[in-house]
Amino acid sequence: MTGGERELRTGTNMPAIGGYNQAVVLDAVRRASEGLSRVELAERTGLSAQTIGNVTRRLLEAGLVEETGKVVNGRGKPRTILQLRPQGSFAVGVHIDPAVITYVVLDLRGGVVAHSRTRTPSASRPGDVVDLMARSIRHLIDDSGVDRSKVLGVGIASPGPIDAESGTVLDPPMLPRWQDVPLRAALSEATGLPVLLEKDVTAAAVAELWFATGSSRANFAFVYYGTGFGTGLVIGREAIRGASSNAGDAGHITVDPDGIVCRCGRTGCIGDLITPRSLVTQAVEAGVLARPAVDPDDPFDMTTITRAFYELAESAGSGDPAAISILHAAGRHLARALVVIVNLLDLDEIVFGGPFWEEIGDALLEVIPYAVESSPALIPKHALTFVRSSIGEDVAAVGAACLVLDYAFSPRPSAMLISV
């Protein structure tokens, strides 16, 4: 999927391309939440009435659409409305974070029908994580009551960098021993389902596109805040992936020339200044928190860091001035990075989300809008919008499942070469 709300593709009346035309019609129905009549489908897709009749008959027989009523529009015969049938197909989405793994099952309309979350077991051991994911997916499908034969596949939202073509996780910095892990193939073998791999920040942006309405979410950055920090980028309703599907790694934007030295050798990188681990360290140094007893055998002990991070957020929520000061400073650091991104891409909307955002989002948003809009470095003069994700902390997992639905049902010119 390159984006959620994008320009609607039209079909063709040539023979032997039913698969493409079915995808065109299904895509049109999906984008009209109120449903469409066959006449409206012909108008929107450019397909003939006969082709629309044949395609909708096949979609009805396959259980992918349903007739939901009739409407009268002037004189003539009432028109039958077609809508997606939610139970027609399902997709599983998985989001891997070094601290937590989130699982969702989506129906054909994108509704979440099942959800679960597990702590990431020793993020340094990929085999353990794959085994846990496979078991959790099986249990989630079973517990949801979904017909497994209607599950199209699994989408994985993973920290980058990734090799999307081979389905390999290369060497994410927060998963120190995950080098060249063939995650797509391993999980497909373990589950028996087709698997797609996407970078987590891009999957989150895709979810926002999938559920966007009206003119929203046309040109935006999705600020992903989890164990790490990154941005999903959308221009003209198209998710920007880049040459290797690794766009959005904004963690090394310098925002504090007097800050700490990053592992990259530069000083004051945004990714090192605002992550949960960094904020916990700052809180310990400020006396807001007692030093957490991090496992000495696991320097990436996210269980302990997560607990301390929640304590920091609770202290700020209770009005502790030192805790609030730490979070406000993080918000100003983030604002400096956002100015760079907005300037570069001429965005008009910033969407915030991720598994750790909810805990501190209120405090950061107290300072971010003003810090961005008042920055002398800000170039665009149009209004900027700052909003929370409408999907919530599961946004990357939801986006991963949306990718599966989109891959299965959205029209692609390559489908015109195959007779279905």
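Read-outs throughout are calculated quantities, based only on the coordinates presented, and are distinct from any laboratory measurement. Since this is a predicted model, take the numbers as computed values, not measurements. Note that we place each Cβ from the backbone using ideal geometry, even for glycine, and neighbour counts take in every protein chain shown.
What ranking, highest mean first, results for peptides 198-211, 221-234, 44-57 when packing means the other Cβ atoms within 10 Å averaged over each residue? Don't skip to the answer; put the middle values down first.
Numbers: 198-211: 29.5, 221-234: 26.9, 44-57: 17.5.
Peptide ranking by packing, descending: 198-211, 221-234, 44-57.
Multiply the residue separation of Ser390 and Ile235 by 0.36 nm, subtract the distance between their alpha-carbon atoms, and state the gained length in nm to one decimal.
Numbers: separation 155, 0.36 × 155 = 55.80 nm, distance 1.91 nm.
Extending this stretch completely gives an extra 53.9 nm.
For Ser89, list long-range residues whose amide hydrogen, built 1.01 Å from N in the peptide plane, is under 5 Å from its own amide hydrogen.
Correct list: Leu108.
If you line up the long axis of helix 276-285 against the longest principal axis of the chain, both from Cα atoms, how many degrees apart are they, to the nearest 10?
Tilt of helix 276-285: around 20 degrees.
Rounded to whole Å and sorted largest first, list the principal axis extents of the Cα atoms in the chain.
Sorted largest first, the three principal extents are 74, 50, 39 Å.
How about the stretch 228-336: which GluC sites (Glu not before Pro) there are in a DSSP loop, with at most 13 other Cβ atoms within 10 Å of their Cβ?
Details: sites: Glu238, Glu285, Glu311, Glu314; in loops: none.
For GluC sites (Glu not before Pro) across the stretch 228-336 that sit outside H, G, I, E and B with at most 13 neighbouring Cβ atoms in 10 Å, the list is empty.
Dividing the alpha-carbon radius of gyration of the stretch 18-84 by 2.2 N^0.38 Å (N being the number of residues), what value is obtained? Can you show the working numbers first?
Values: Rg = 11.0 Å, N = 67, 2.2 N^0.38 = 10.9 Å.
In units of the globular-protein estimate, the stretch 18-84 measures up at 1.02.
Relative contact order of the stretch 214-391, please, whole-number percent, based on alpha carbon pairs below 8 angstrom and at least 6 residues apart.
Details: 281 pairs, mean separation 41.2, N = 178.
Computed over the stretch 214-391, the figure is 23 percent.
Give the angle, between 0 and 90 degrees and rounded to the nearest 10, that separates the Cα long axis of helix 302-317 from the longest principal axis of the Cα atoms of the chain.
80
How far apart, in nm, are the 7 Å Cα→Cβ label points at Leu344 and Ala185?
Spacing of the two 7 Å Cα→Cβ label points: 3.3 nm.
Where does the chain land at 222 nm, in deg cm²/dmol rounded to the nearest 500, when only DSSP H runs of n ≥ 4 count, each adding -39500 (n - 2.57), divided by all residues? Don't skip to the answer; put the middle values down first.
Numbers: 13 runs with 161 residues, N = 420.
Mean residue ellipticity, 222 nm, calculated: -12000 deg cm²/dmol.
Would you mind computing Rg(Cα) / (2.2 N^0.38 Å) for the stretch 303-409, counting N as its residues? Please report the intermediate quantities before stating the final value.
Values: Rg = 16.2 Å, N = 107, 2.2 N^0.38 = 13.0 Å.
Compared with the compact-globule rule of thumb, the stretch 303-409 sits at 1.25.
Enumerate the calculated ³J(HN,Hα) couplings along the stretch 77-89 in order (Karplus 6.51 cos²θ - 1.76 cosθ + 1.60, θ = phi - 60°), each rounded to whole Hz, writing x wherever the residue is Gly or Pro.
Each residue's phi maps through the Karplus curve to give 6, x, 9, 7, 8, 10, 9, 4, 8, x, 7, x, 7 Hz.
Compute the distance from the alpha-carbon center of the stretch 319-391 to that of the stretch 96-165, in whole Å.
30
Rounded, prolate or oblate: which fits the stretch 84-243 when a ≥ b ≥ c are the square roots of the eigenvalues of the alpha-carbon gyration tensor, with rounded for a/c under 1.5 and prolate only if a/b beats b/c?
Working: a/c = 1.74, a/b = 1.03, b/c = 1.68.
Oblate.
Relative contact order of the chain: what whole-number percent is it, with Cα pairs under 8 angstrom and at least 6 residues apart?
Details: 875 pairs, mean separation 80.7, N = 420.
Computed value for the chain: 19 percent relative contact order.
Using only the Cα atoms of the stretch 214-391, build the gyration tensor, take square roots of its eigenvalues as a ≥ b ≥ c, and label the shape rounded, prolate or oblate: rounded if a/c is under 1.5, else prolate if a/b is larger than b/c, else oblate. Walk me through the intermediate numbers first.
Numbers: a/c = 1.74, a/b = 1.55, b/c = 1.12.
Prolate shape, in that a/c is at least 1.5 and a/b is the bigger ratio.
If you line up the long axis of helix 49-61 against the longest principal axis of the chain, both from Cα atoms, how many degrees apart are they, to the nearest 10?
60
Can you work out the Karplus-derived ³J(HN,Hα) for every residue in the stretch 356-366? Use 6.51 cos²θ - 1.76 cosθ + 1.60 with θ = phi - 60°, whole Hz, and x for glycine or proline.
10, 5, 4, 5, 10, x, 4, 5, 5, 6, 5
Based on Cβ point charges of +1 for Lys and Arg and -1 for Asp and Glu, what charge dipole magnitude is obtained for the stretch 18-84 about its Cα centre, in debye rounded to the nearest 20?
Details: 10 positive and 7 negative charges, 43 e Å.
Approximately 200 debye in magnitude.
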